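Structure first, commentary second.
The values are calculated or read from the model by the stated rules, or taken from the named source; none is laboratory data. These numbers come from a predicted model, not from an experiment. Note that each Cβ is placed from the backbone with ideal geometry, even for glycine, and that neighbours are counted across all protein chains shown. Just the protein is used for accessible areas: all its heavy atoms, side chains included, with ligands, DNA and RNA removed. Shrake-Rupley method; radii C 1.70, N 1.55, O 1.52, S 1.80 Å.
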Amino acid sequence: MAAKLIDGKAFATKIKADITAEISARKNQGFAAPCLAVILVGDNPASHIYVRNKRQACEEAGIKSIYHSLPNTIPENDLKELIHQLNNDPTVNGILLQLPLPEHINSDALLELIDPAKDVDGFHPYNLGRLAQRRPALQPCTPYGIMMLLDHIKETYKNRHAVIVGASNIVGRPMALELLLAGSTITICHRFTKDLSYFVKQADILVAAVGIPSLIKGDWIKPGATVIDVGINRLIDGSIMGDVEFTAAKEKAAWITPVPGGVGPMTTATLLKNTLTATINQDSETRDIP
Ligand code: NAP
């Protein structure tokens, strides 16, 4: 039987409508609109598209966005100074540093400079550490969005083997922590995993986050599995496909995300959600950051 599609686009639209309504209600109570500062360095075309989409989503939800578009040649110290300014600006609630950064800039050092209370991407070691310690604060957007999708389809998590293919800091690792927190048994695969198919075939929940088109073969999918395809691979003809052989996998899975229209829209929705959460925390001065 063919799998049911997990319509991330439709679900993200609902989440964004809820966020918009909450922001509007807060404005009626006298609160200022949340404010997100977006920093983009260089002229990576994909980054420009991502930033444009994120800023448009902010505008639609009633979130003010401040844009810092900076040249590729900017010295690292100037970026550090900008982050300090934004950290200290009480009118800025969230800071988004669009990755990747040019090679001469140490991304990790800059991400670590962002005030964890304003770290709406959830990449700061403080926020990742909180997730690792089972006390999530601001959660990394893509795994957070995937958990919302899984909750939406009433995934049970416990007694389920979740296999995550990909171990990056922004997707694979926090994804594993989220699923572990939810009670699943976890396997993480990466480029040195021997016999990937052996592990994928055991997955009740499969999350593919590698960036290689059709790396995961359809006949590896366990019958009845839930398949989450995070991969975004642009083909020569301009089309986009995921990491999973969609047509064949759909015949074996119970649930599957399409690419596009699955995980991608949820990443933007959770960015808005984190921005609102950060704003509410700052307004109520319940910051539990040391
Ligand atoms: P990344 O930083 O390049 O990480 C890729 C991961 O895949 C690494 O952990 C790497 O292992 C692992 N890997 C590489 N080759 C492998 C192989 N043959 N078998 C198993 N694992 C392998 O990428 P990312 O930022 O996590 O993104 C992954 C994909 O998701 C990309 O297509 C990206 O565009 C997409 N993405 C989508 C969204 C969304 O919102 N939909 C958000 C973020 C990313 P090592 O750790 O050993 O190097």
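For the chain, the longest principal axis of the Cα atoms and the long axis of helix 8-28 meet at an angle of about 20 degrees.
Packing here is the average count of other Cβ atoms within 10 Å per residue, and on that basis the peptides 246-253, 180-187, highest first, run 246-253, 180-187.
Rolling a 1.4 Å probe over the protein heavy atoms of segment 128-168, with every protein chain left in place, gives an accessible area that is 47 percent carbon and sulfur. Here the Kirkwood formula puts the hydrodynamic radius of segment 77-223 at 16.8 Å, using every distinct Cα pair.
Express the relative contact order of the chain as a whole percentage, based on alpha carbon pairs under 8 Å and six or more residues apart in sequence.
On the way: 553 pairs, mean separation 63.3, N = 290.
Averaging sequence separation for qualifying contacts and normalising by length gives 22 percent for the chain.
Principal-axis analysis of the Cα atoms of the chain puts helix 141-152 at an angle of about 50° to the longest axis. Using DSSP, restrict attention to beta bridges with both residues in the chain and report what percent are antiparallel, rounded to the nearest 5. Here the share of antiparallel DSSP bridges comes out near 5 percent.
I'd like to compare 205-214, 105-114, 192-201: which one has the highest average count of other Cβ atoms within 10 Å, and what's the full order after that?
Details: 205-214: 22.2, 105-114: 16.5, 192-201: 13.6.
Ranking, from highest mean packing down: 205-214, 105-114, 192-201.
Would you please give the FRET efficiency between ASP7 and GLU285, computed as 1/(1 + (r/R0)^6) with r the Cβ-Cβ distance and R0 = 41 Å, to the nearest 0.05? Efficiency for this residue pair is about 0.60.
Structural size metrics of the chain, computed from C-alpha coordinates, are Rg and Dmax of 19.1, 57 Å. For the chain, the longest principal axis of the Cα atoms and the long axis of helix 45-61 meet at an angle of about 70 degrees. Listed values for segment 255-268 are Karplus-derived 3J(HN,Hα) couplings in whole Hz (6.51 cos²θ - 1.76 cosθ + 1.60, θ = phi - 60°), namely 9, 8, 8, x, 10, x, x, x, 6, x, x, 5, 5, 5, and x replaces Gly and Pro. Given +1 at the Cβ of Lys and Arg, -1 at the Cβ of Asp and Glu and no other charges, the dipole of segment 210-269 around its Cα centre is 100 debye to the nearest 20.
Kindly identify segment 1-114 as rounded, prolate or oblate by the Cα gyration tensor criterion: order the square roots of the eigenvalues as a ≥ b ≥ c, call it rounded if a/c is under 1.5, otherwise compare a/b with b/c, prolate if a/b is larger, else oblate. Show your work: numbers first, answer last.
Working: a/c = 2.58, a/b = 1.32, b/c = 1.96.
Oblate shape, in that a/c is at least 1.5 and b/c is the bigger or equal ratio.
Using alpha carbons only, how many angstrom separate the centre of segment 204-248 from the centre of segment 49-79? A separation of 30 Å, based on Cα centres.
Take every DSSP beta bridge whose two residues both sit in segment 155-290, then give the antiparallel share in percent to the nearest 5. Counting only bridges with both partners in segment 155-290, antiparallel ones make up about 10 percent. The magnitude of the dipole of the chain, with charges of +1 and -1 set on the Cβ of Lys/Arg and Asp/Glu and taken from the Cα centre, is near 860 debye.
Tally Lys and Arg at +1 and Asp and Glu at -1 over the other residues with C-beta under 12 Å from the C-beta of LEU181: what net charge comes out?
Details: positive: ARG130, ARG134, ARG135, LYS158; negative: GLU178.
Here the charged neighbours net out to +3.
Excluding ligands, DNA and RNA, what is the solvent-accessible area per residue of the chain at a probe of 1.4 Å, expressed in Å²? Heavy-atom SASA per residue in the chain reads 48 Å².
The share of accessible area on segment 1-46 that comes from carbon and sulfur is 59 percent, using a 1.4 angstrom probe.
Magnitude of the charge dipole for segment 39-85, about its Cα centre and with charges confined to Cβ atoms of Lys, Arg (+1) and Asp, Glu (-1), is about 160 debye.
When the helices in the chain are scored as -39500 (n - 2.57) per DSSP H run of 4 or longer and the sum is shared across all residues, what 222 nm value do you end up with, to the nearest 500 deg cm²/dmol?
On the way: 10 runs with 119 residues, N = 290.
That calculation yields -12500 deg cm²/dmol at 222 nm.
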